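Quick notes on the structure that follows.
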Amino acid sequence: MDSVEDRDSPPAFPDAPWLCPTDRMVVRRFRPLKYLRDVFVKGLRFGKAEHYEKYEGRGTVRTRISELLQSNETSDMILQSGEEMDFPTGMRQFRRNARHYYYVNSWNTGTDESKKIWKEYANLEDGVAIETTVGQLLRSFRPELELNMGAVRYLDWWREANPQIPQSLYFTKHRGCHRTSNTPKSRVNAEVE
């Protein structure tokens with residue numbers, strides 16, 4: 001897919017469990033005014049996933065239970081080293097290591113705004129909202145970066161499962177993590193080696 005292609009509806013990818021917004025969808029990033037100069041001078045910055053919220057890039061309780069059940073089915077599998085495979089521990093370690101390689105940048109989808117959003121993300125009285133479209137945002141990044149963009153899905157961390165595909169873990173968040181409004185969030189996620 002060409003990054004400058006305009007789409008009328010989100011594409012569906014069978015191996016990507018997140019929703020890809022259309023190129024014309026409006027997104028906003030709310031920030032304190034003091035960070036605006038940095039955006040103009042240094043550009044948009046991605047934060048390392050391991051420094052975000054507690055649940056960032058982690059498996060939900062239901063996901064970990066599912067992995068434990070899968071482990072019971074494969075308990076007779078022996079690794080080349082002669083050790084028995086420990087699937088749940090391996091998945092947990094895999095997710096922990098992946099947090100080191102993923103960087104994220106979150107935006108609010110649409111033009112809705114509330115006092116809560118301004119207060120949390122932009123210091124209420126001294127803030128700015130940067131508004132663009134998904135297409136313009138994606139075109140602003142270097143073409144060689146491996147980027148994923150999609151809507152963030154909020155889950156009940158104790159009752160719902162999240163996908164096991166590494167990049168999709170960064171499009172799910174715990175419903176209890178400071179969601180300030182009903183405004184949907186979108187996220188750009190970059191993987192670096």
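The values are calculated or read from the model by the stated rules, or taken from the named source; none is laboratory data. Since we're looking at a predicted model, the values are computed, not measured. Note that we place each Cβ from the backbone using ideal geometry, even for glycine, and neighbour counts take in every protein chain shown. For the accessible areas, the whole protein counts, side chains as well, though only heavy atoms, and no ligand, DNA or RNA atoms are used. Shrake-Rupley method; radii C 1.70, N 1.55, O 1.52, S 1.80 Å.
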The simple spin-label model distance between LYS48 and GLN93, using points 7 Å out along Cα→Cβ, in nm, is 2.1 nm
Placing each pseudo-label 7 Å from Cα in the direction of the beta carbon, ARG24 and ILE65 end up separated by a distance in nanometres of 4.3 nm
May I ask you to rank MET25, MET91 by accessible area, largest first, using a 1.4 Å probe over the protein chains only?
-> MET25, MET91
Given 0.36 nm per residue, what is the gain on full extension from ASP112 to GLN136 after removing their alpha carbon distance, in nm?
-> 6.7 nm
GLU120/SER81 FRET efficiency (R0 41 Å; Cβ-Cβ; nearest 0.05) | 0.30
Per its Cα gyration tensor (rounded if a/c is under 1.5, else prolate when a/b beats b/c, else oblate), segment 19-153 is best filed as prolate
What are the lysines whose alpha-carbon lies under 19 Å from the alpha-carbon of LYS48, with same-chain residues fewer than 8 places away excluded?
-> LYS173, LYS185
Calculate, for segment 22-112, the solvent-accessible area per residue in square angstrom, rolling a 1.4 angstrom probe over the heavy atoms of the protein chains.
-> 63 Å²
